[in-house]
Amino acid sequence: MIIAYYLVKTPMATGDGGLGFELALAALGTLLGVAAGMIFRVFRGADEIPRSQAGIGYAALWIVVVGARIGFSYATSNSHRLQVWLFTHHIIADAITVAPIFRAAGMLVLRAAVLRLRAARLHGAVPRRRLRRDLPAGPTSRPGRPGPG
């Protein structure tokens, strides 16, 4: 929901280097999302429902990504060299604000997609069973009558 808010409310900085900067960070986010999705362990639980488990590899990736974001935020305010580089490449403040959001969104969406694909490809994959708690209460959930969809 918050991603949609930023995509609608925050215009892309289409100035010379701003769009390229935003697209570069979005691409980086997709690559990081694929990497994050591959680091997770994906398995079937005792109830045959696919599960995922993050380990030390994902924690290390997360620390590096967050550390890089904090470092970049600090450097945009405190590094004269970076400020000159941003200025000479026409990367404005809007792009600096929006690009990390695109990176985070790309990482989030691709990580979830990779995990979903990996869960679907598990050996002996069967469709997820509908559990009693998944069915809505009411006449359609009684035995002998077809349930929802």
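Per-structure values
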quantity: Label-to-label distance, nm, for residues given as TYR74 and HIS89 (7 Å Cα→Cβ offset); calculated: 2.1 nm
quantity: Sorted by Cβ density within 10 Å, fewest first, the residues SER77, SER52; calculated: SER77, SER52
quantity: Inter-label distance, nm, simple model (7 Å from Cα along the C-beta direction), ARG44/ARG116; calculated: 2.1 nm
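Only the coordinates and a few stated rules stand behind these numbers; no lab work does. Fair warning: this is a prediction, and the values are worked out from it, not measured in the lab. With ideal geometry, Cβ positions are generated from the backbone for all residues, glycine too; neighbour counts draw on all protein chains shown.
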